[in-house]
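The values are calculated or read from the model by the stated rules, or taken from the named source; none is laboratory data. All of these numbers come straight from a predicted model, not from anything done at the bench. No Cβ is skipped: glycine too gets one built from the backbone with ideal geometry, and neighbour counts run over all protein chains shown. Just so you know, the surface numbers come from the protein's heavy atoms only, side chains and all, with ligands and any DNA or RNA stripped out. Shrake-Rupley method; radii C 1.70, N 1.55, O 1.52, S 1.80 Å.
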Amino acid sequence: MLIDGKCHCGNISFSLSWEPDPTHIPARACACSFCKKHGGVWTSNPRGSLRILVRDPLLISKYAFGTKNASFQVCAHCGIVPVVTGLIDGKLYAVVNVNSFEGVDPSLIRRESANFDKEDEEARLARWKRN
Ligand SMILES: [Zn+2]
């Protein structure tokens with residue numbers, strides 16, 4: 001399955017390949033202080049691959065806080081955050097916001113809340129690599 005998504009104005013778009021076709025897409029409503037304010041609900045697939053297309057790179061605001069491992073790719077034009085990226089050991093990982101999906105059957109998306117506040121940096125990076 002190819003999952004397409006984009007920010008509201010279309011400056012940032014993505015295509016996530018998900019093989020085999022998912023019976024459901026796990027989605028984590030992150031409880032960090034940034035995601036709470038933004039309503040960020042994230043998914044990723046360890047066997048998938050992600051293609052991100054940016055129309056105007058000048059219209060991306062990269063936001064990081066705390067350990068600064070994660071870079072929130074905020075569209076500076078419409079304010080949506082479709083993708084978060086993180087560089088670990090020279091390899092680029094990412095999660096996508098299920099709220100920015102286009103044309104995906106909503107019944108496929110299984111939302112759950114997640115709180116990683118008590119996770120230390122090492123455990124966080126290990127989880128990112130895994131997922
Ligand atoms: Zn936008």
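For this structure, a couple of remarks:
- Residue selection: residue 113 satisfies the criterion of being open to solvent by 70 Å² or more (accessible area, probe 1.4 Å), modelled with pLDDT under 95 and in contact with a strand residue (DSSP E or B) (Cβ under 8 Å, 6 or more places away or on another chain).
- Residues (closer than 13 Å to residue 81 by Cβ and open to solvent by less than 30 Å² (accessible area, probe 1.4 Å)) located in the range 1-10: 5, 7
- In this structure, residue 51 does not satisfy being at pLDDT 95 or above, within 13 Å of the ligand (Cβ to nearest atom) and of a type in the set (Lys, Arg).
- Looking across 84, 74, one residue alone is within 21 Å of residue 126 (Cβ to Cβ) and of a type in the set (Val, Ile, Thr). It is 84.
Yes or no, residue by residue, for (1) under 14 Å from the mean Cα position of the chain (by Cα); (2) open to solvent by less than 50 Å² (accessible area, probe 1.4 Å); (3) away from the ligand (no atom under 13 Å from the Cβ):
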{"residue": "12", "(1), (2), (3)": "yes, yes, no"}
{"residue": "19", "(1), (2), (3)": "no, no, yes"}
{"residue": "43", "(1), (2), (3)": "yes, yes, yes"}
{"residue": "46", "(1), (2), (3)": "yes, no, yes"}
{"residue": "61", "(1), (2), (3)": "no, no, no"}
{"residue": "74", "(1), (2), (3)": "yes, yes, no"}
{"residue": "80", "(1), (2), (3)": "yes, no, no"}
{"residue": "90", "(1), (2), (3)": "no, no, yes"}
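- Pair list, Cβ under 7 Å, 6 or more apart: the range 37-54 residue of a type in the set (A, V, I, L, M, F, W, C), other residue open to solvent by 80 Å² or more (accessible area, probe 1.4 Å): 41/99; 41/111
- Every condition in (1) more than 18 Å from residue 107 (Cα to Cα); (2) open to solvent by 60 Å² or more (accessible area, probe 1.4 Å) is met by residue 23 except one, and the failing one is (1).
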